[in-house]
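The values are calculated or read from the model by the stated rules, or taken from the named source; none is laboratory data. A quick note: this is a predicted structure, and the numbers were derived from the prediction, not measured. Every residue, glycine among them, receives a Cβ derived from its backbone with ideal geometry; neighbour counts consider all protein chains shown. These accessible areas exclude ligands, DNA and RNA; they are computed on the full protein's heavy atoms, side chains included. Shrake-Rupley method; radii C 1.70, N 1.55, O 1.52, S 1.80 Å.
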Amino acid sequence: MQDPPKVTRRSLLGGSLALAGAAAAGCAIPVGLGSAQTRVQYWHFLGASDGIIMNQMVSAFAKDNPNTFVEENVLAWGEPYYTKIAMAGSGGRSPDLATFHLARLAGIGAGAILDPINVKLLEEAGLRAADFSPPIWERAHLDGVLYAIPFDAHPMVQYYNTDICGRAGLLGSDGKLLPTRNQDELLAMLRKAKETLGGKPPLVFDALGLGTVGPWRVWFSLYPQSGGTLLADDGVTITIDDQKALQALRLMAQLGQEGLCDPRTDYGASVASFTNGQSAFLWNGDWETTGLKERKTPFSMTRFPSVFGTGAAQADCHAFVLPHQRFRDPEVERATYRFIAYLVKNSADWAVAGHVPAYLPALEEPDYLALQPQSEYRSVITEVALDPQVWFAGSASRMWIEFGEAFSPVISGERTPEDGLAAAKASLNRLLSAPNPFPDQER
């Protein structure tokens, strides 16, 4: 008789993602909450597979720490979430802990809406600066003060259909996609896949639609590969290099003109096309991993293509922040840091849904390395292209949306790359001249 399969914590996490956990869709139920327990109030916006995994990690912490109860509250993603954080923080009646997009840090009033991280308590809980990806750890600071504890990076990656790419001769002897090192190699790869698909566009990404950010995310993966930047460290001086910016935009235009990508796909259509085997490649964030596995799409993943020098890829990061409180109970504060340290140290569990741990020791864990294809793009963690530290940047921000609106017509051929760049610059100038909603906050 064959031995039963080995069951690990991560295999349980991965297998359970097909089930909808009630607590992942709303507030956790305080089962067994007693007066002897220390309560930590935790807000986050994590839904779908992210929410299920987080709920399971909270439950695992509760099992290992019976004297601490984490009250998990799930709020709507996007602007409503950050509005509620700002309102709670300005009133000093916040939760003890909140999940945050790191790119939003400069725009939320750190020092007034968010409290600094207590580095001594962080080290007491077992977390040190040297444990984290250097560029991400640096971005967790404002004016030299630490305001966030990084949890992951969710970068742009390249999903590929292994069946189609195999038939196109694009896989190596190990069954993995052959890497591209420049624009010519990328175009040659896409043309081979197009031929295999009978002339259909081989690449899809979020290229069209109201509020689309896909064109921004593609451009801000390509443009930084040649060293391009948006703003100087002062946050007000535009540093866009026209030659490098246009190089990226012209490639995006060529993808549309040659029928190498479908410029008519919005987010949902792009994922559906790849899921159903109608396209060979999907450029997207790493969070579609679980859904593709559940639907049994024959796929794998790798880093976003290296085209213009480095392997940089646009990314944001989940992090933990402390919304402002007028008074922090010392016992609750220590329990909060213990909870953060538990999540960070077990971030290889979190990686089941696709995100790359920002905690470097997790990247070397055998269980993480065994995660396929999640561990295939882990090296990007030190080459992430992060937003400038300005109030109008970050996930679901006006900058993302307005750059997306500027660049989407370039892909479809309705606007020249030069006109697209001019529109993006005009948008950036408007955002820079708009009033900062959190001016001159004391820190």
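What label, among [x] 36, 28, 18; [y] 38, 24, 23; [z] 36, 23, 18, belongs to semi-axes √(5λ) of the Cα gyration tensor in Å computed from the structure on display? Matching entry in [x] 36, 28, 18; [y] 38, 24, 23; [z] 36, 23, 18: [x]. Ranking Leu121, Leu142, Met87 by Cα position along the charge dipole of the stretch 55-145, where only Lys, Arg, Asp and Glu carry charges on their C-beta atoms, puts Met87 farthest toward the positive end.
Could you work out the relative contact order of the chain? I mean the mean sequence separation of Cα pairs under 8 Å and 6+ apart, divided by the number of residues, in percent. Write out the running numbers ahead of the final one.
On the way: 829 pairs, mean separation 112.7, N = 443.
About 25 percent, as a whole number.
Scoring 413-423, 36-46 by mean Cβ neighbours within 10 Å over their residues and listing the highest first yields 36-46, 413-423. Between the listed residues Asn276, Ala253, Gly209, the Cα displaced farthest toward the positive end of the dipole of the stretch 190-292, a dipole computed from Cβ unit charges relative to the Cα centre, is found at Asn276.
What the Cβ-Cβ distance of Asn436 and Ala36 gives, at R0 = 35 Å and to the nearest 0.05, is a FRET efficiency of 0.20.
Based on the Cβ-Cβ distance from Arg295 to Ala370, what FRET efficiency comes out when R0 is 30 Å, to the nearest 0.05? Mind dumping the intermediate values first?
On the way: r = 22 Å, r/R0 = 0.74.
Approximately 0.85, to the nearest 0.05.
Projecting the Cα atoms of Val390, Gly291, Asn346 onto the charge dipole of the chain, computed from C-beta unit charges around the Cα centre, puts Gly291 farthest toward the positive end. Entry comment: accessible area of the stretch 154-211 is 47 Å² per residue, from protein heavy atoms only and a probe of 1.4 Å. Ordered from largest to smallest accessible area (heavy atoms of protein chains, 1.4 Å probe), the residues Asp143, Asp163 come out as Asp143, Asp163.
Each peptide in 239-249, 333-343 was scored by the mean count of other Cβ atoms within 10 Å over its residues; highest first, the order is 333-343, 239-249. Protein heavy-atom surface of the chain, 1.4 angstrom probe: 52% of the accessible area is carbon and sulfur, with nucleic acids and ligands not counted. Think of each Lys and Arg Cβ as +1 and each Asp and Glu Cβ as -1; about the Cα centre, that makes the dipole of the chain roughly 640 debye. Out of every Cα pair in the stretch 221-331, what percent are spaced more than 24 Å from each other? Every Cα pair in the stretch 221-331 considered, those over 24 Å come to 47 percent. Measuring with a 1.4 angstrom probe and ignoring ligands and nucleic acids, Ile52 comes out at about 20 Å² accessible.
Cα-Cα over 27 Å: which of Lys293/Lys345; Lys120/Lys345; Lys244/Lys293? List each step's numbers first, then the result.
Working: Lys293/Lys345 25 Å; Lys120/Lys345 17 Å; Lys244/Lys293 37 Å.
Distance filter (> 27 Å) returns Lys244/Lys293.
For the stretch 340-434, evaluate the Debye formula with one uniform point scatterer on each Cα (no solvent term) and list log10 I(q)/I(0) at q = 0.12, 0.14 Å⁻¹, rounded to two decimals. Ignoring solvent entirely, the Cα scatterers give -0.61, -0.72.
Between Ala370, Ala98, Ala106, the residue with the greatest mean-square fluctuation in the GNM of the chain (Cα pairs under 10 Å linked by springs) is Ala370. Largest GNM mean-square fluctuation across Ser173, Ser433, Ser90, computed for the chain with C-alpha springs under 10 Å, falls on Ser173.
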